[in-house]
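Report on the following structure.
The values are calculated or read from the model by the stated rules, or taken from the named source; none is laboratory data. Everything numeric here is computed off the predicted structure, so don't read it as measured data. When we count neighbours, we look across all protein chains shown, and the Cβ atoms used for this are built from the backbone with ideal geometry, even at glycine.
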Amino acid sequence: MSEKEPLIPKHGGYRKLKSFQVGQLVYDVTVRFCDRYVDRFSRTRDQMVQAARSGVQNIAEGSQASATSKKTELKLTNVARASLEELRLDYEDFLRQRGMPMWEPDHPALMRFKARRCKTLDDLRNWVEEERALWRERRDSYGHARTDRDNKAEKEKSLAVGEGPCKSLPSEVLVANAALSLLNLCCYLLDRQLATLASDFEKEGGFTERLYRVRSAERKRSK
């Protein structure tokens, strides 16, 4: 005898979703970033915080709504994805408008950041401090990069930020690029999540179809 299909299946569980976990870190980073580096009277500040919050909240709400509406789950997950795309553009604008570099995914500093797999704001803060210390070690008193022709490994550790000498590595460069890396990951995860939700919806339908199946099965059992 086949197991009876529940009318209200297991739902929620969003805290275990990798997309939610990364999105929540993005939210925490964005709140801190805006507090420190974005003018408090700027409309962009509110928009960035709200976009980050929307990403997290809509993932959670969509997961919870999945009990009775797969369509709503799809819609809200897509809203989360769109909100984080908006936030990604805001970080890119911040760097571009200030003449700051936007690092490629294989930049040495970003590779070290990814290897740390930061889970909290403190993890990211520690990475920032380590990168700034590394930058100072690789620079002379005039801000020029130290080079060693006999040591390629040392040269590869140089964190070139831009043209010309620079005596310090601005924290906002590090944090903005880290946030972009996290956003790239979160958007990728949400794209996969949306594809899975769409496929499941095509195969199984939503609450209406499940209600029909449950009622039909119950009628058959009653005969």
Residue tally, condition farther than 30 Å from Leu89 by Cα and either among the hydrophobic types (A, V, I, L, M, F, W, C) or modelled with pLDDT of 95 or more (or both), over the stretch 165-217: 5
Residue in the stretch 39-52 that is farthest from Val175 (Cα to Cα), counting only those that are buried (at least 20 other Cβ atoms within 10 Å of the Cβ) and over 11 Å from the mean Cα position of the chain (by Cα): Ala51
Helices (runs of 4 or more DSSP H) wholly inside the stretch 31-116 that include at least 3 residues being touching a residue at least 60 places away in the same chain (Cβ under 8 Å) and either of a type in the set (Val, Ile, Thr) or closer than 30 Å to Ala198 by Cα (or both): 70-97
Residue in the stretch 155-164 that is part of a helix (DSSP H, G or I), of a type in the set (Lys, Arg) and modelled with pLDDT of 70 or more present: no
Verdict on Gln97 being modelled with pLDDT of 95 or more and either touching a Leu at 6+ places or on another chain (Cβ under 6 Å) or under 22 Å from Leu124 (Cβ atoms) (or both): no
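One line per residue, one yes/no per condition, for (1) under 21 Å from Ser181 (Cα atoms); (2) surrounded by fewer than 21 Cβ atoms within 10 Å (Cβ to Cβ):
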residue	(1), (2)
Val22	yes, no
Val29	yes, no
Phe33	yes, no
Ile59	yes, no
Gln64	no, yes
Lys70	no, no
Ala82	yes, yes
Glu85	yes, yes
Qualifying residues in the stretch 53-86 (those that are aliphatic (A, V, I, L, M) and more than 13 Å from the chain's Cα centre (by Cα)) - the one farthest from Gln21 (Cα to Cα): Ala67
Filtered residue count, the stretch 18-43, keeping only those that are in contact with a helix residue (DSSP H, G or I) (Cβ under 7 Å, 6 or more places away or on another chain) and modelled with pLDDT of 95 or more: 18
Single residue of Gly62, Gly13, Gly55 found to be at pLDDT 95 or above and of a type outside the set (A, V, I, L, M): Gly55
